[in-house]
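Undergrad: Right, I'll just put the structure down here and ask away after.
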Amino acid sequence: MNITSAVFDVSAPDLESCPMETFPEFAFIGRSNVGKSSLLNMLSGQKNLARVSPVPGFTKLINFFIMNKSWRLVDLPGYGFAQVARENSAKFNDAVSEYLVDRTSLIFVFVLIDSRHKPQKLDLEFVQWLGSNDVPFVLVFTKIDVSKPAVVQKNIDLFKVEMSKWWDNLPEIFTCSSVTKRGQAELLGVIERALSEEEPAAEQTN
């Protein structure tokens with residue numbers, strides 16, 4: 001898939017403020033400082049599609065971008081961000097959970113995991129929550145250029161071991177680096193494949 005256009009649509013503080021469900025949507029979420037904004041910029045081919053901030057947890061709203069005039073990329077607030085007042089944190093987490101559970105145009109979620117670290121409790125709890133709510137997702141291990149390949153693979157394997165305690169069938173797993181652009185084609189390919197699978201279903205309902 002080639003990204004020929006990427007246009008900001010709207011920022012929403014809650015589910016009611018989200019745009020009409022006119023396009024299929026693919027959401028991206030991760031713990032603070034996982035490199036989400038850099039990844040979104042890499043996927044879109046634009047340097048400033050998503051703002052990269054030195055302050056973890058900068059994204060506080062649900063941000064929608066229309067890609068190729070045919071689907072939406074959705075930038076979700078990170079879970080566990082520390083620079084937001086506690087009452088606002090709870091509020092935004094509620095908005096995210098409502099979006100993930102009730103948004104019918106959501107195809108699936110890209111959950112970003114920092115490949116530099118062993119499985120973190122917050123990541124595991126969030127992934128388990130997605131599964132318990134039947135929210136489809138794939139895992140993307142970020143920043144693979146920072147650590148040695150053996151370290152990255154070990155952390156991925158440990159994460160898989162933890163997930164195997166809950167499920168027999170594990171989600172798809174990808175790796176990426178916003179610096180080297182590793183994984184860009186694979187992630188866009190996942191979206192392209194999902195969109196092609198959606199088209200026949202849409203035609204049957206017309």
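Undergrad: Of all the residues that make up the stretch 152-167, how many are within 14 Å of E125 (Cα to Cα) and charged (D, E, K, R)?
TA: Within the stretch 152-167, residues that are within 14 Å of E125 (Cα to Cα) and charged (D, E, K, R) number 3.
Undergrad: Only one of S132, S177 is surrounded by fewer than 12 Cβ atoms within 10 Å (Cβ to Cβ) and either touching a Cys at 6+ places or on another chain (Cβ under 8 Å) or not acidic (D, E) (or both); which?
TA: On the way: S177 fails: surrounded by fewer than 12 Cβ atoms within 10 Å (Cβ to Cβ).
The unique qualifying residue is S132.
Undergrad: I've got another one for you. In this structure, is S115 touching a residue at least 40 places away in the same chain (Cβ under 8 Å), surrounded by 14 or more Cβ atoms within 10 Å (Cβ to Cβ), more than 18 Å from F26 (Cβ to Cβ) and within 17 Å of the chain's Cα centre (by Cα)?
TA: Details: touching a residue at least 40 places away in the same chain (Cβ under 8 Å): yes; surrounded by 14 or more Cβ atoms within 10 Å (Cβ to Cβ): yes; more than 18 Å from F26 (Cβ to Cβ): yes; within 17 Å of the chain's Cα centre (by Cα): yes.
Judged against the criteria, S115 is a match.
Undergrad: Also, I was wondering about something else. Would you check if there is a residue in the stretch 45-54 being under 21 Å from S105 (Cα atoms), modelled with pLDDT of 80 or more and either part of a loop (DSSP other than H, G, I, E, B) or of a type in the set (V, I, T) (or both)?
TA: As a first pass, look at the stretch 45-54 and keep what is under 21 Å from S105 (Cα atoms): none.
No: the stretch 45-54 contains no residue that is under 21 Å from S105 (Cα atoms), modelled with pLDDT of 80 or more and either part of a loop (DSSP other than H, G, I, E, B) or of a type in the set (V, I, T) (or both).
Undergrad: Give me the residue from the stretch 168-188 that is hydrophobic (A, V, I, L, M, F, W, C) and within 13 Å of V127 (Cα to Cα) and, out of that set, modelled with the lowest pLDDT.
TA: Within the stretch 168-188, the match that is modelled with the lowest pLDDT is L170.
The values are calculated or read from the model by the stated rules, or taken from the named source; none is laboratory data. Fair warning: this is a prediction, and the values are worked out from it, not measured in the lab. Cβ sites come from the backbone with ideal geometry, for glycine too, and all protein chains shown count toward neighbours.
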